[in-house]
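Below is one structure, written out as structure tokens, with a few remarks after it.
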Amino acid sequence: MIVIENVDKYFGKFKALDNVSFEVRNGEIVGYVGLNGAGKTTTIRIAVGVLYPDKGDVLINGYSITREKRKASYHVGWVPELPIFEPDAKALDYFVYLAGYYGIPAGEARRMGRELFEKVGIGEAADKKLKQYSQGMKKRFALAVSMINNPDNFLFDEVLNGLDPEGIAFFRKLALEFKREGRAVLFSSHILSEVENLADRVVFIHKGRIIAVHTMEEIKSMAKPALRIKTDRVDEGLVKILGEYGEVRVKDDAVYLINPSIDSSSLIEKLSQKGYRVEEINRVRPSLEEVFFKIIGEQK
Amino acid sequence: MRDGFVRAWYIFYYDLKKYYLKAPVLSWGILFPLTIVLVLGTGFGAYTYSRMIPVGFTIAVLFASTSIVHVAVAFEKMSGSINQLLFLPVKSWEVALAKILGGLLYGFIGAGLAGGIYYYLSHGLGFIHPLIYLYSLTIGSIVFSLITLLIVFWLDPVPAVAVLNIVRFTMLFLGGLLIPKPMIPPIIRPLVLFFPSVYVNDLFNYGLYNRYDYVDPYTSMIILLIYLFTLVFVAYRIMLRILKP
């Protein structure tokens, strides 16, 4: 379990985090979302003990990351956005070196390394130098490293950035596996559709402050239903007609009618009478993106 | 506590493999001070052994210990791999101790090489107070390492080099080393006493020749200890506060 308590962090005079508090329970995946520079990475770096907070604390399985750093570190795995390791070191050798900090003897670490490398999909690159690794491979390596001590808590910082679809699917599967095993997973991401797919709860941060924490059910209920309509043409006349039945948004080649006061079949009939041919109409699922921008918009 | 020292040793050992033959360490930590040592050595005709040899030792220790600590931290800050180190189940003081161990080892290497050269040039090298000499070498290396640690954690790697060189070269000229005491204007002499190199040099002087320029050896020993504890405290606070993403 990860508990972040009243954390403040300054960089010079700039207050990067302002009284940030939330928790990630065992067996739960929590998405951490916010605009660039909102404070996601700073929070995660404080939570894993790489940065020191100016106020507040982070408890990992009850151990303070500031006062009981070593005990807390034993229980947490971290995959940074841009994993940086010794470029000239061979992956497996470096893994063995890092495992030494957890008191794992070299022989056992080597065997464990090969197993974990297979699990994360870099088994064949175990003896390559890390500078030969792609960004995706480095993330997989970082993941293997984060599992050295089989921790109960994981923090993934923008882990999906720069990954191919296979890599994204792999991380998704792994996060769900961790959840099933009762571990706590916090992950920040710009890919809101992935957060929506994975998270049980979402924490919203804006300008260093937590502005909302919602379960996915709450988010779905907050987002207004909408109709996605594709017609033979999109013009001002169409927007005007639809405007009588709700808020209209044009996106790509479709028009969205938010919170419609008319049902689909009646709308098709109305549009046909005005000379528009409806090619496709469907009810769309409310998205996290919509809620995200609504919450951020309220803050602005 | 014991575990902490074991971890510090582990980091130190890995640093040893990674950084101890890097070009900046060899050039600033070994070649430059040895050049000065040789220049001083070949000037024996103009100056006495007892004047030049302690200065040569101090310069060798100063540059050797500061260079390795600078490289061992700056390279990791530049590459970002220090974050991985800080993430591991280690404490900040263990990381700092590992880096200081590097400075200590290099201080001994620098002194050993300088000693070898002077032994050859002066056909022998005697120690009147070997324990005092050893004290100066050990505490001096640690104090110089701590000063470097403070600078390199506080500043970004490139400005850190500039500041470190300003500190080292100021010590060279105003820290009781290259400019002999009689040539320093009396008005500047109190400033000289601010630099730890003065006390390290006086202790080397006492350890080798039973003489000193500025302060008696026991006062020098105490002042160096005060430097050490103050720097430990300040460097630790800076490590905690200054580490940035």
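Descriptive notes on the structure:
- The protein assembly as shown: C-alpha gyration tensor shape, a/c 1.5 cut-off, then a/b vs b/c: prolate
- B:Val39, B:Val69, B:Val61 arranged by Cβ crowding within 10 Å, fewest neighbours leading: B:Val39, B:Val61, B:Val69
- Environment charge at A:His214 (Cβ cut-off 12 Å; Lys +1, Arg +1, Asp -1, Glu -1): -1
- Average beta carbon contacts from partner chains per residue of A:66-72, 10 Å cutoff: 3
- For the set A:Lys40/A:Lys179; A:Lys179/A:Lys251; A:Lys90/B:Lys22, the pairs lying more than 27 angstrom apart at their alpha carbons are A:Lys179/A:Lys251.
- Table column - 3J(HN,Hα) (Hz), segment A:234-246, Karplus curve with 6.51, -1.76, 1.60, x for Gly and Pro: 10, 9, 4, x, 4, 4, 5, 5, 5, x, 6, 10, x
- Restraint check, A:Lys9/A:Lys138; A:Lys55/B:Lys91; A:Lys119/A:Lys173, Cα-Cα greater than 21 Å: A:Lys9/A:Lys138
- Rounded to the nearest 20 debye, the dipole magnitude of chain A is 540 debye, with +1 charges on Lys and Arg beta carbons, -1 on Asp and Glu beta carbons, and the Cα centre as origin.
- Burial ranking of peptide ranges A:85-92, A:264-271, A:220-227 (average Cβ count within 10 Å, highest at the top): A:85-92, A:220-227, A:264-271
- Ordering of A:169-182, A:190-203, A:45-58 by packing is A:45-58, A:190-203, A:169-182, highest average first (other Cβ atoms within 10 Å, averaged per residue).
- For A:78-88, mean number of other protein chain Cβ atoms within 10 Å: 3
- Exposure proxy order (Cβ contacts within 10 Å, fewest to most) of B:Thr219, A:Thr231, B:Thr148: B:Thr219, A:Thr231, B:Thr148
- Note, ³J(HN,Hα) from phi for segment B:49-64, Karplus 6.51, -1.76, 1.60, rounded to Hz, x at Gly and Pro: 3, 5, 7, 7, 5, x, 4, x, 4, 4, 5, 4, 5, 4, 6, 5
- Cα-centre dipole for the protein assembly as shown with unit charges at Cβ (Lys and Arg positive, Asp and Glu negative), debye to 20: 960 debye
- Dipole of the protein assembly as shown, positive end: most advanced residue of B:Ala8, B:Phe169, A:Asn150 [Cβ charges, Cα centre]: B:Phe169
- Overall form of segment A:5-119 per C-alpha gyration tensor (a/c, 1.5; a/b vs b/c): prolate
- Exercise: per-residue mean of other protein chain Cβ atoms within 10 Å, A:33-46: 1
- Cα gyration tensor shape for segment A:224-285, rounded if a/c is under 1.5, else prolate or oblate: rounded
- The charge dipole of chain B, taken about its Cα centre with unit charges on the Cβ of Lys, Arg, Asp and Glu (plus for the first two, minus for the last two), comes to roughly 340 debye.
- Antiparallel bridges, percent of DSSP beta bridges restricted to segment A:150-280 (to nearest 5): 75 percent
Here, each number is a calculation from the coordinates, and none is a lab measurement. Bear in mind the structure is a predicted one, so any value in this text is a computation, not a measurement. In this analysis, Cβ positions are derived from the backbone assuming ideal geometry, glycine residues included, and neighbour counts consider all displayed protein chains.
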